[in-house]
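First comes the structure, then the notes that go with it.
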Amino acid sequence: MSLPNSRRQFIQQSGGLLALPTLLSASTRLAPAAPPPVVLPAPDPTGQPMPELEQPLPDAPDQRIGFAIVGLGAYALNQIIPNLGGTQHAKLAALVSGNAEKARTVGKAYGIAEDHQYSYDDFDRIAEDESVDVLYIILPNAMHREWTERAFAAGKHVLCEKPMAVTAEDCQAMIDAGKRAGKQLMIGYRAQYDPYNLRAIELVRGESKEIGEPRLVFTEHGRMLKPNKEQRDEWRAQKELAGGGSLYDIGIYSLNGARYLLGEEPVSVTANYREPSEKEVDVEEGVAWTMNFPSGATANCSSSYRVEQAKRIFVQGTEGEVTLDPATDYYVRNLYVKTKEKNTQLIIPRANQFTAMLDEMALAARENRTPKTPGEEGLRDVKIMQAIYRAADSGKKVTL
Ligand code: NDP
């Protein structure tokens, strides 16, 4: 019996590591009492070379762009602050809150010293805080304009949550303030950084024309409004702070999704409302609207404050369909494509829309360049949402 000439060949020929003591004892006539030799596991039992992982190295902490979070509510605490840690270029640098105790607790958890914690009253001294490059505004909608203007006045870049503001006039004022300050303004449209939504865009309007010409889009977004303080939707139920109802809060995903999937702007809209059914709510409960696009495509969209979690986008083309369901969840997205030839679900590993969005803001700030979802993108949605309300109020088609 010839001895194998390499360790891997040896393992393959012997049928695996367990056969090693038997083979050795037969060929070398070791005494039966000798202990079995120690065998280290092969680095790769399949014999395949390890795949190379291309992962850019994150910036060192002192090179990262510092973010101050303005408003320590549910979205800031549960999604944004934890995801900052997974970025390549961003870091948490400061906190702005109306609740000093909360800011201290969060500061302690994330290593933000008290001299980088600000109240709304002493906010303006943040201008002197060199650790802060970007202010991320995560306040009730009606406060976005004022805080964006204050952030620009302090000489910082701004990332502002959706909806950008309550009126198109407010949005324009925010854009102008950024231009005057020479700083960047980005809107937190996380879905536009989501690898699943980006893949869906490619399927719908990429060169391969996977589903032919897109003709119909259906988008639905809904959640149950819980309009009291304990359940944290108190401000969402008040027009003064929310600006609008389900449309401004979640219907905006239906609207923005239809626009980015088709890659064109609607030319007209018809709509109808569902009024609130609870007396403490003074914003609309639901809206259904139809948008017509220059290509001839139509989008039927809806939003509701009286359903349990709807986050669905469906595009029907002349040769197939693309479904995202859920489309805009924080961590779960399912993408399906169906044509005559195939019916498949696409899986994209490690897809994190939050880190992609935060890194885009960090790079736009570092390079002082327009980000992918600038203020102008937020303004377009607010203009259309105002037109949707006009169409619902008048019962007539509104031209955009
Ligand atoms: P929360 O009510 O959970 O938090 C809002 C925070 O704003 C409060 O905790 C408070 O922070 C501060 N605040 C200041 N003034 C007021 C006021 N008068 N009433 C209430 N809060 C006030 O809201 P969310 O975090 O859910 O939403 C904040 C923004 O983020 C909204 O614009 C919303 O549309 C957007 N959002 C975006 C999401 C996305 O997926 N892109 C998801 C969820 C929200 P403090 O106590 O620190 O002062």
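The values are calculated or read from the model by the stated rules, or taken from the named source; none is laboratory data. All values derive from a computational prediction rather than experimental measurement. Methodologically, a virtual Cβ is constructed for each residue, glycine included, from the backbone with ideal geometry; neighbour enumeration extends over all protein chains shown. Just the protein is used for accessible areas: all its heavy atoms, side chains included, with ligands, DNA and RNA removed. Shrake-Rupley method; radii C 1.70, N 1.55, O 1.52, S 1.80 Å.
Computed quantities for the displayed model
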read-out	value
Karplus-derived HN-Hα couplings along segment 108-125 (A = 6.51, B = -1.76, C = 1.60, θ = phi - 60°), whole Hz, x at Gly and Pro	4, 5, 10, x, 9, 5, 4, 6, 10, 10, 10, 9, 5, 6, 9, 3, 4, 5
Three-way shape label, segment 139-252, alpha-carbon gyration tensor, a/c 1.5	oblate
Centre separation in Å (Cα based) which lies between segment 90-128 and segment 205-219	46 Å
Residue-wise HN-Hα coupling along segment 210-226, computed from phi with Karplus coefficients 6.51, -1.76, 1.60 (Hz; x: Gly, Pro)	3, 10, x, 8, x, 10, 10, 10, 10, 9, 9, 9, x, 7, 8, 6, 10
For segment 322-341 versus segment 165-183, the gap between their alpha-carbon centres in whole angstrom	34 Å
Fully extended contour minus Cα-Cα distance, from TYR120 to SER277, at 0.36 nm per residue	53.1 nm
Table column - 3J(HN,Hα) (Hz), segment 189-204, Karplus curve with 6.51, -1.76, 1.60, x for Gly and Pro	7, 4, 4, 6, 10, 7, x, 5, 5, 5, 5, 4, 4, 4, 5, 6
By accessible area with a 1.4 Å probe, ligands and nucleic acids excluded, highest first: order of ASP282, ASP194	ASP282, ASP194
Accessible surface, segment 174-249, averaged per residue in Å² (probe 1.4 Å)	45 Å²
Carbon plus sulfur fraction of accessible area for the chain, probe 1.4 Å, in percent	52 percent
Cα centre as origin, Lys/Arg/Asp/Glu Cβ charges: the chain dipole, Debye	1160 debye
Heavy atoms of ILE201: accessible area, 1.4 Å probe, square angstrom to 10	30 Å²
Debye log10 I(q)/I(0) at q = 0.06 Å⁻¹ for the chain, Cα point scatterers	-0.34
Segment 249-331 - charge dipole about Cα centre, Lys and Arg +1 at Cβ, Asp and Glu -1, debye rounded to 20	140 debye
Theoretical ellipticity at 222 nm over the chain - DSSP helices of four or more residues, -39500 (n - 2.57) apiece, nearest 500	-9000 deg cm²/dmol
Amide hydrogen neighbours beyond the local backbone of TYR118, cut-off 5 Å, H modeled	LEU95, VAL96, SER97
Extreme residue, positive dipole direction of the chain, given options TYR260, PRO56, ILE80 (C-beta unit charges)	PRO56
Selection of GluC sites (Glu not before Pro), segment 313-355, meeting DSSP coil and at most 10 other Cβ within 10 Å	GLU341
Fraction of beta bridges assigned by DSSP in the chain that are antiparallel (%, nearest 5)	60 percent
